[in-house]
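Read the structure below first, then the notes.
The values are calculated or read from the model by the stated rules, or taken from the named source; none is laboratory data. This structure is a prediction, so every number in the text was calculated from the model and none was measured. All Cβ positions, even for glycine, are placed from backbone atoms using ideal geometry, and neighbour counts span all protein chains on display.
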């Protein structure tokens, strides 16, 4: 056996002995150890639980947004994603109009297709069939191109409305699967009349189930009702809030957006030195905005977790100082038998790291259980704990023990063996 192999063997043996002694000490003072690392457990639990929720929410949001079509862009007079108050300029913007849609349709050569939607902005929509009623869902009027521009607007049962039905203002509707189940149960919805906000519409088709429609953010419920655009204008003449969605040819989305912006600026007579009087968003931009929010939430979570780690670290330092005092004679005996300073330092450092790492492991387990509870309570939020979060939680917890255990360990190593043996 070479000298290097002997050193490595001795090093592994010493580390193993220190870990065993540290675990024995923790088992001997279970209550004290648990109270000491309580702050670390809470901090790691918070970190793991928040990461699990954010990762699940991020995955869900990406699926929902991308389901509208990754090669599309949505234009409206207000931002699709807005945090905080609207600016004065935004509050004074005029809604988009059907004339704006015609201008875009004519000018956008990079657009494969375009559609316009008009929305019910006057309170919650109510749908009723006999004694069943559903309140609060996505209710809009749209042109027949809606079914090709939106990637998640496939009709599973029945058929979409046609250009002729739109032009002649026929009172028909295509509804979401969950809206249909809520109103009709297991009965056949096609051909039946539903009452939406006091007006009757005949059900032509049922959408293939899609996420994020009328059930709130992250919802998997498909509660929507789409009627022809001109039917909506006939039945609800007071509504004026429009949205325009464009579908670009493959690889031409940036060009399509530029052409649409130019067309809208000309149609709305926006001076060349003024900003757009409208907003637009793509799947990528919405996801990017959401990631910015996630980043802020993660920063706040890390700050709160740091406070818990600091409290736990101070507790570890305090308990290790007490431990040094209680084991002064033990330290003297070890030194008298030939233990070096670094042996004493490593003994107490490993003990401190084992203490905090065990708290980190408990925090990981509790955080994982909390994520399972959230997932069971909200099936539409697929929470999951990534491996990097587990490694980070345990590593940071162990690092806290290393940092805050350094002073007690050095203090123990500097004890005079003679004085330590005399200590009572």
If residue 294 satisfies every condition in (1) at pLDDT below 80; (2) in contact with a helix residue (DSSP H, G or I) (Cβ under 7 Å, 6 or more places away or on another chain) but one, which is the exception?
(1)
Residue count, the stretch 163-179 (criterion: in a loop (DSSP other than H, G, I, E, B) and more than 22 Å from residue 72 (Cα to Cα))
4
Of the residues in the stretch 234-258, how many are outside any helix (DSSP H, G or I) and within 31 Å of the chain's Cα centre (by Cα)?
12
So residue 131, is it farther than 17 Å from residue 230 by Cα, crowded, with 17+ Cβ neighbours inside 10 Å and either assigned by TED's automatic domain parsing to the domain that holds residue 193 or in contact with a strand residue (DSSP E or B) (Cβ under 8 Å, 6 or more places away or on another chain) (or both):
no
Looking only at the stretch 372-394, and only at residues there that are in contact with a helix residue (DSSP H, G or I) (Cβ under 8 Å, 6 or more places away or on another chain) and within 30 Å of residue 342 (Cβ to Cβ), the one that is surrounded by the fewest Cβ atoms within 10 Å (Cβ to Cβ):
392
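Results for (1) surrounded by fewer than 19 Cβ atoms within 10 Å (Cβ to Cβ); (2) outside the structural domain of residue 362 (by TED's automatic domain parsing); (3) modelled with pLDDT under 95, shown as yes or no for each residue.
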| site | (1), (2), (3) |
| --- | --- |
| 59 | yes, no, yes |
| 76 | no, yes, yes |
| 80 | yes, yes, yes |
| 85 | yes, yes, yes |
| 101 | no, yes, no |
| 121 | yes, yes, yes |
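Results for (1) surrounded by 14 or more Cβ atoms within 10 Å (Cβ to Cβ); (2) out of contact with any strand residue (DSSP E or B) (no Cβ under 6 Å at 6 or more places or on another chain); (3) more than 30 Å from residue 413 (Cβ to Cβ); (4) outside the structural domain of residue 414 (by TED's automatic domain parsing), shown as yes or no for each residue.
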| site | (1), (2), (3), (4) |
| --- | --- |
| 229 | yes, no, yes, yes |
| 243 | yes, no, yes, yes |
| 250 | no, yes, yes, yes |
| 257 | yes, no, yes, yes |
| 261 | yes, yes, yes, yes |
| 267 | yes, yes, yes, yes |
| 293 | yes, yes, yes, no |
| 308 | yes, yes, no, no |
Criterion first (within 15 Å of residue 39 (Cβ to Cβ), modelled with pLDDT under 85 and crowded, with 22+ Cβ neighbours inside 10 Å) does residue 355 satisfy it?
yes
From the list 279, 323, pick out the single residue that is touching a residue at least 24 places away in the same chain (Cβ under 8 Å) and closer than 27 Å to residue 88 by Cα.
279
Does residue 222 meet the test of being surrounded by fewer than 20 Cβ atoms within 10 Å (Cβ to Cβ) and either more than 30 Å from residue 56 (Cβ to Cβ) or within 31 Å of the chain's Cα centre (by Cα) (or both)?
no
Taking the stretch 148-162 and keeping only residues that are under 30 Å from the mean Cα position of the chain (by Cα), crowded, with 20+ Cβ neighbours inside 10 Å and within 23 Å of residue 99 (Cβ to Cβ), one is left with 149, 150
For the stretch 354-377, the count of residues that are over 14 Å from residue 41 (Cα atoms) and in contact (Cβ under 8 Å) with a residue 24 or more places away in the chain equals 3
